[in-house]
1. Helix-only mean residue ellipticity at 222 nm, the chain, DSSP H runs n ≥ 4 weighted -39,500 (n - 2.57), per residue, nearest 500. What is it?
2. Can you report the principal axis dimensions of region 79-173 using only the alpha carbons, biggest first, rounded to whole angstrom?
3. Could you give the angle, 0 to 90 degrees to the nearest 10, between helix 282-302's Cα long axis and the longest principal axis of the Cα atoms of the chain?
4. So if R0 is 22 Å, what FRET efficiency would Phe53 and Ser126 give, r being the distance between their Cβ atoms, rounded to the nearest 0.05?
5. Send over the Kirkwood Rh of the chain, from the inverse of the averaged 1/r over different Cα pairs, rounded to one decimal Å.
6. Sorting Val77, Val255 on the 10 Å Cβ count, fewest up front, what's the list?
7. Using alpha carbons only, how many angstrom separate the centre of region 177-235 from the centre of region 141-163?
8. By counting other Cβ atoms within 10 Å of each Cβ, how are Ser73, Ser87 ranked from fewest to most?
Amino acid sequence: MMRAAADCGHAAVDLQPPGDCGARAVAGFRVALGSRSIVMTNDLEYENVVMEFRGRGATVRALDTFNFHVAESEFVVVVGPSGCGKSTLLHMTAGLMHPTAGRVMLGGSIITDPGPDKAIVFQNFSLFPWKSVRSNIDFGLRINGMPPAERNELIDRYIKLIGLDGFENHYPRQLSGGMQQRVAIARSFVMRPRVLLMDEPFAALDAQNRQLMQEELVRIWSAQRPTVMFITHSVEEAVFLADRIVVISRRPGRVKKVLDVTAVAGASHWRMDPFEDVIRRPDFQELRAEIWGLVKSEIQLRS
Ligand code: ADP
Ligand code: MG
């Protein structure tokens with residue numbers, strides 16, 4: 001597998017991409033191919049994507065002619081009414097299902113299979129209940145054949161990063177929802193994925209934990225900057241986190257509107273500031289109201 005850290009000649013443990021590695025945030029990363037090297041980008045392209053589910057007698061068209069481009073290292077948040085095809089979109093991006101028509105591409109190549117370069121985080125954490133925190137984070141690294149000493153160092157670093165020192169030998173059932181989701185996030189980031197796919201990851205958390213997790217996600221993401229597709233029902237969460245928000249119409253899902261949050265959120269982006277300060281800003285509230293209006297009109301259309 002092609003991995004950024006290895007290509008840059010640094011141990012994969014560095015969270016702050018040093019030297020040349022930093023360049024991949026804007027310019028893709030270099031992959032050695034014999035004596036040549038190519039630049040591999042981490043952008044996502046959805047080209048005329050249609051997804052139909054055929055059941056007995058009936059066919060459900062979940063997505064219809066979905067067209068969208070996510071730039072490398074961009075943080076895109078997807079909102080839309082229930083059943084509009086958001087999860088379907090993420091599953092296709094993860095390589096877990098294939099479109100009925102059209103193409104989903106990562107770095108210009110059609111996505112065919114799941115793999116550690118496309119990490120997915122679900123609402124229900126989906127940790128292995130019989131494995132400890134440490135073993136859950138270790139799982140992908142071990143499968144990838146990383147030597148034990150390197151794995152252990154990396155796991156220690158991520159356990160510290162998510163504030164779970166002292167809990168490394170606990171099992172998921174012994175942890176709160178927020179702690180479990182931290183483990184799920186660490187398990188994804190430790191693999192240094194090219195894209196991070198998150199399907200309502202904080203929906204099961206209480207408001208306080210949700211806020212902490214949003215800030216924590218921003219902190220970890222800023223150091224690695226994988227390309228992100230993040231689904232949420234919370235318009236507030238979308239406006240806080242996103243570079244751009246894509247609003248999807250009711251089923252069959254299509255792009256209804258794309259909103260550029262970076263144009264409003266300032267040069268350093270308001271997600272770097274405390275959430276409680278940001279949500280008081282009038283420009284934040286205006287954008288939130290606009291997006292909620294768009295989503296609401298799709299829900300009302302249905303009823
Ligand atoms: P969302 O995540 O936006 O709520 P989904 O992507 O889960 O929506 O589903 C979109 C539509 O496709 C829904 O009508 C859902 O019932 C249908 N659907 C999703 N997955 C399947 C499946 N595996 N088989 C049949 N229908 C499905
Ligand atoms: Mg869903």
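Every read-out reported here was derived from the displayed coordinates using simple, explicitly stated rules and does not represent laboratory data. Bear in mind the structure is a predicted one, so any value in this text is a computation, not a measurement. Cβ coordinates were reconstructed from backbone atoms using ideal geometry, including for glycine residues, and neighbour counts include every protein chain displayed.
1. Numbers: 11 runs with 109 residues, N = 303.
It lands at -10500 deg cm²/dmol.
2. Largest first, region 79-173 extends 47, 31, 23 Å along its Cα principal axes.
3. Relative to the chain, helix 282-302 is tipped by roughly 60 degrees.
4. Numbers: r = 22 Å, r/R0 = 1.00.
Efficiency, rounded to the nearest 0.05: 0.50.
5. Details: mean 1/r = 0.0498 Å⁻¹.
After inverting the pairwise mean of 1/r, the radius is 20.1 Å.
6. Numbers: Val77 26, Val255 16.
Ascending number of Cβ neighbours within 10 Å: Val255, Val77.
7. 19
8. Details: Ser73 21, Ser87 18.
Neighbour counts put them in this order, fewest first: Ser87, Ser73.
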